[in-house]
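Below is one structure, written out as structure tokens; comments come after it.
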Amino acid sequence: MELTELTIGLIILAFALGTLLGWLLRRPTTLTTVSPEIEREKTLFEAQHQSLIEDIQGHLNETAESLERLAAKQQALAAELRGEPATETVMLDNVIDVIPPRDYADSRGQLNS
């Protein structure tokens, strides 16, 4: 291939157009600085948000434990209604108390107190 004046001119023109299009289509770069007050407020907001999330998580855990205790008590009461001798375990502050099954007279209100 011969490099004529026309070919060299077209190569230079393509290079110039490519450079111009690349410069026009580039992403704008913006350098910004944030004041210390905004950073401080952002940090405080994030700390408050994290504290709120931890409070909610703690409440959800307590609710789940309460629901588990209620389910165990409900199962024990259902077994008692069916007349089955069942023991009920009650968990209070990670301490397990075992309540023995009531006898027939106690469950029917026949005890003389």
Considering only segment 13-37, how many residues are loosely packed, with under 10 Cβ neighbours inside 10 Å and in a helix (DSSP H, G or I)?
-> 6
Any hit, segment 61-83, residues being at pLDDT below 90 and assigned to a loop (DSSP other than H, G, I, E, B) = yes
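The values are calculated or read from the model by the stated rules, or taken from the named source; none is laboratory data. Bear in mind the structure is a predicted one, so any value in this text is a computation, not a measurement. Backbone-built Cβ (ideal geometry, glycine too); neighbour counts: all protein chains shown.
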